[in-house]
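Have a look at the structure below, then the notes.
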Amino acid sequence: MAEVYKFRLQKLLDIRKNHEDKSKIKFKEAQREKDVVEKELTDLKEKYKNHRNIDSYDTIVHQKIKQNYLNAINFAIDKNTLLFEDKGKILEQKRQELKKCQVEKKTVEILKEKQKSAFVKEQNLIEQKSNDEFALFAFIRNNYK
């Protein structure tokens with residue numbers, strides 16, 4: 001009967017897989033947050049572009065209101081630009097953490113594969129040795145009756 005391979009560090013591998021999965025979730029969340037800020041920034045720039053022309057035939061009050069609106073949009077664009085850069089840095093940090101988790105998990109997986117390969121090779125040698133002994137006994141039995 002062949003033995004079943006049991007990896008001694010399976011719990012460690014499971015912990016690292018779990019850690020990698022959590023890191024993937026954090027990375028996806030950071031990516032989503034960055035995309036939201038990027039969309040807001042694009043929308044603000046589009047609004048600014050659409051309203052940036054102040055017509056001279058408008059009343060002074062209307063021109064002043066429009067100028068204040070454009071200033072508010074410009075302020076929001078500056079604020080969102082900084083936020084967008086921060087989200088980009090956070091996303092890069094999460095990407096590095098994810099890579100680190102993947103490397104740690106892959107290290108244990110490679111160890112598992114090497115140990116399993118060695119185990120299978122050893123089991124094959126044991127089986128081959130048994131087969132050789134059976135063949136030898138059969139040969140002896142058939143030739144020395």
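If I go through the stretch 1-16 residue by residue, how many of them are open to solvent by less than 80 Å² (accessible area, probe 1.4 Å), of a type in the set (D, E, K, R) and touching a residue at least 12 places away in the same chain (Cβ under 8 Å)?
Going through the stretch 1-16 one residue at a time, the tally reaches 1.
Test each condition in (1) touching a His at 6+ places or on another chain (Cβ under 9 Å); (2) closer than 30 Å to S130 by Cα for C101 and report the one that comes out false.
Answer for C101: the failing condition is (2).
Mind checking which pairs have a first residue in the stretch 51-74 that is in contact (Cβ under 8 Å) with a residue 12 or more places away in the chain and closer than 19 Å to L41 by Cα and a second that is among the acidic types (D, E) and part of a helix (DSSP H, G or I), Cβ under 8 Å, 6 or more apart or different chains?
Sorted first by the residue in the stretch 51-74, then by its partner, the list stays empty.
Name every residue in the stretch 57-84 that is of a type in the set (D, E, K, R) and open to solvent by less than 60 Å² (accessible area, probe 1.4 Å), in order of residue number.
Residues satisfying the conditions are D58, K66.
Read through the list (1) part of a helix (DSSP H, G or I); (2) closer than 30 Å to I110 by Cα; (3) open to solvent by 60 Å² or more (accessible area, probe 1.4 Å), then give the number of the only condition that A30 fails.
Of the numbered conditions (1) part of a helix (DSSP H, G or I); (2) closer than 30 Å to I110 by Cα; (3) open to solvent by 60 Å² or more (accessible area, probe 1.4 Å), the odd one out for A30 is (3).
Condition first: surrounded by 14 or more Cβ atoms within 10 Å (Cβ to Cβ) and among the aliphatic types (A, V, I, L, M). Can you find one or more residues in the stretch 104-127 that meet it?
yes
The values are calculated or read from the model by the stated rules, or taken from the named source; none is laboratory data. All values derive from a computational prediction rather than experimental measurement. Quick reminder, even Gly has a Cβ in these numbers, built from the backbone with ideal geometry, and neighbours come from all protein chains shown. The protein model used for the area step is the full one, side chains on, heavy atoms only, and it has no ligands, DNA or RNA in it. Shrake-Rupley method; radii C 1.70, N 1.55, O 1.52, S 1.80 Å.
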